[in-house]
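Encoded as structure tokens, the structure appears first; notes follow it.
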Amino acid sequence: MRLRTGRPTISLALFAALPLALAACGTGGGGSDPAGSGGSSTVGTGGVGASGTGGASTVTSGASSSGGGVTTGEASSGGGGPVGTGGAPGTGGTDGSGGGNAVSAEWGQVENPGAGCTVGPMPSVASLTANAKLPDPFKKMDGTRIADKSEWACRREEILQQAYEFIYGDKPVPAEGAVSGTVSDSRITVQVDDGGGSASFNLTVNMNGATAPAPAIIGYGGLSGMPVPRGVATITFSAVESTGGSGAKNGPFYSAYGSDHPAGYLTAQAWQISRVLDVLEQNPGVIDPHRVGVTGCSRWGKGAFVAGALDNRIALTIPVESGLGGTVGLRLVEVLDSYSGSEWPYHSISYVRWLSEVALGQFTTGNNAGADNTNKLPVDMHEMMGLIAPRGLYIVDNPSTMYNGLDRNSAWVTANVGKMIFEALGVGDHMAYTGAGGSHCSWRSQYTASLNAMIDKFLLGKDATATGNFATDLPNKPNHLDHIDWTPPTLTGEL
């Protein structure tokens, strides 16, 4: 456990406004959609990256409005500040955080705030115990529970390393000086020379009436009709991904680290976003690297969600209809969504290898109950949501029976349990959810109020009070409390 005494802290209200202050000081720092074409990515000569699977080694981390018929859903309670259901913020502190919490200035400024934490040996798969309930995110690997918010950074690191080990595969952090690029008001170029290989890719910038250095939203695979407000730049590119589950892995990540690297596509996509942030930090004059959000729909929504979980510099994460591999609890599908057309965990390592076939393949070998043992996973997607706290997370979902592949019941339960983590950390209003039925990846008016509020708070630094809303038109909503066997702690201290 690293010491965090004597660290400067700022209030949550200031945390949301911190990027604006930094800019003023001049501080730089599956869906039915087709696979992306890859655009201008250049393939280099790749070496094989180191596998992060198995073993009992000790790991020390490297730097690494509702509306239109949508009804307010059940808000989970417990531990920290109250939930801002229906658009109301918590009442425990003047910033609506539910307890006057403060956040270290480190949060949101570095890729991995737990980089100095020492994580103990990973458990063997054979030693893991099956449990159909979502794991306790506050229970450390040594069996004790955190009691103070200052412990979250190192507990977060345990969750992160277990996620790499058992779900995603490793996300390499390039060596110092390995990433370079350029930024203009129309284009970003990224060059990576690492792991014995190289990769390059380009992105398109639309300033959208914004003043430099501008806040921005990265649209992974595009924006899918999202009405990004004027004054917020957009950055888009087509992610590279093969369309089958058995062919060679393609794209910039695999160009650098080899097509046999065990990391799944979502890790590779998250790695790309991180390298874009590296370049923005090197060239902060056009896009403010501390006011960047990421979004995408369907398979690109999965990538956006994982990017937000794995890189702490992303201020706002907006996964849209991400389904399995995104915001759906893996162990819940068998229990809550075993109807025709639903997607099981095996789908994510066989149809397209969104997750690591090496890591998750230890827990599932087929799309049926007899072949699925994901209830032995020591981590699940509610904890990936927790990795995003105290930053902003807005989940946009589609509970319609028009498209069963989004595992709607599991998605609702997982999000509500994820919200409990935000609440316990005193930032319940930093996570919002809107579920509105309709065509896949078609933006609906019900989504827009929370979108604008979250952008106001996390990208524009405005005092947006209507954040934290949880609403869905899902009928017969399952109770998330039926799918946990723990209660959130009342945490003291500061993040």
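The values are calculated or read from the model by the stated rules, or taken from the named source; none is laboratory data. What you see is a predicted model; the values in this text were computed from it and never measured. A quick note on method: Cβ atoms are made from the backbone with ideal geometry, for glycine too, and the neighbour counts reach across all protein chains shown.
Residue count for segment 406-452 under the criterion of being on the phi < 0 side of the Ramachandran plot and either basic (K, R) or not in a helix (DSSP H, G or I) (or both): the result is 16.
Acidic (D, E) and crowded, with 17+ Cβ neighbours inside 10 Å: does that describe D193? Yes: the conditions hold for D193.
Among the conditions (1) assigned to a loop (DSSP other than H, G, I, E, B); (2) at pLDDT 95 or above; (3) surrounded by fewer than 23 Cβ atoms within 10 Å (Cβ to Cβ), the only one that T465 does not satisfy is (2). Out of N101, N112, one residue alone is of a type in the set (S, T, N, Q) and modelled with pLDDT of 50 or more. It is N112.
Selection of segment 385-405 for residues being over 18 Å from the mean Cα position of the chain (by Cα) and part of a helix (DSSP H, G or I) yields N404, G405. Selection of segment 206-232 for residues being in a strand (DSSP E or B) and either buried (at least 21 other Cβ atoms within 10 Å of the Cβ) or on the phi > 0 side of the Ramachandran plot (or both) yields A214, P215, A216, I217, I218, G219, Y220. The set of residues in segment 477-495 being under 17 Å from D397 (Cα atoms) and either among the charged types (D, E, K, R) or at pLDDT below 95 (or both) consists of K477 alone. The set of residues in segment 152-189 being hydroxyl-bearing (S, T, Y) and surrounded by fewer than 19 Cβ atoms within 10 Å (Cβ to Cβ) consists of S180, T182, S184, S186, T189. Selection of first residues in segment 263-291 that are of a type in the set (D, E) and of second residues that are modelled with pLDDT under 95 and not in a helix (DSSP H, G or I), restricted to Cβ pairs under 8 Å at least 6 apart or on distinct chains, gives the following pairs, ordered by first then second residue: E281/G28; E281/G29. Candidates L459, L491, L495, L474: the one that is in contact with a strand residue (DSSP E or B) (Cβ under 8 Å, 6 or more places away or on another chain) and within 16 Å of P215 (Cβ to Cβ) is L459. Pull up segment 279-315, narrow it to residues that are assigned to a loop (DSSP other than H, G, I, E, B) and of a type in the set (G, A, S), then point me to the one that is surrounded by the most Cβ atoms within 10 Å (Cβ to Cβ). Checking each candidate, the answer is A315.
Among the residues of segment 316-336, not one is assigned to a loop (DSSP other than H, G, I, E, B) and surrounded by fewer than 24 Cβ atoms within 10 Å (Cβ to Cβ). Does any residue of segment 446-453 turn out to be modelled with pLDDT of 95 or more, of a type in the set (S, T, N, Q) and out of contact with any Pro (no Cβ under 7 Å at 6 or more places or on another chain)? Checking segment 446-453: at least one residue is modelled with pLDDT of 95 or more, of a type in the set (S, T, N, Q) and out of contact with any Pro (no Cβ under 7 Å at 6 or more places or on another chain).
Scanning for something at pLDDT below 95 and surrounded by fewer than 24 Cβ atoms within 10 Å (Cβ to Cβ), does segment 394-401 turn up at least one residue? Yes; the residues of segment 394-401 include at least one that is at pLDDT below 95 and surrounded by fewer than 24 Cβ atoms within 10 Å (Cβ to Cβ). Restricting attention to segment 248-286, the residues that are farther than 19 Å from G219 by Cβ and aliphatic (A, V, I, L, M) total 3. For segment 103-143, the set of residues classified as exposed (fewer than 15 other Cβ atoms within 10 Å of the Cβ) and of a type in the set (G, A, S) consists of G120, S124, A126, S127, A130, A132, G143, listed by residue number. For segment 433-462, taking the residues that are touching a helix residue (DSSP H, G or I) at 6+ places or on another chain (Cβ under 6 Å) and closer than 24 Å to N404 by Cβ, the one that is surrounded by the most Cβ atoms within 10 Å (Cβ to Cβ) is identified as T434. Scanning segment 386-426 for residues that are touching a strand residue (DSSP E or B) at 6+ places or on another chain (Cβ under 8 Å), of a type in the set (V, I, T) and under 18 Å from R155 (Cβ atoms) gives I388, V417. Of the residues making up segment 370-384, those that are in a loop (DSSP other than H, G, I, E, B) and aliphatic (A, V, I, L, M) number 2. Take the residues of segment 354-383 that are surrounded by 22 or more Cβ atoms within 10 Å (Cβ to Cβ) and among the hydroxyl-bearing types (S, T, Y): which is farthest from E158 (Cα to Cα)? Selected residue: T364.
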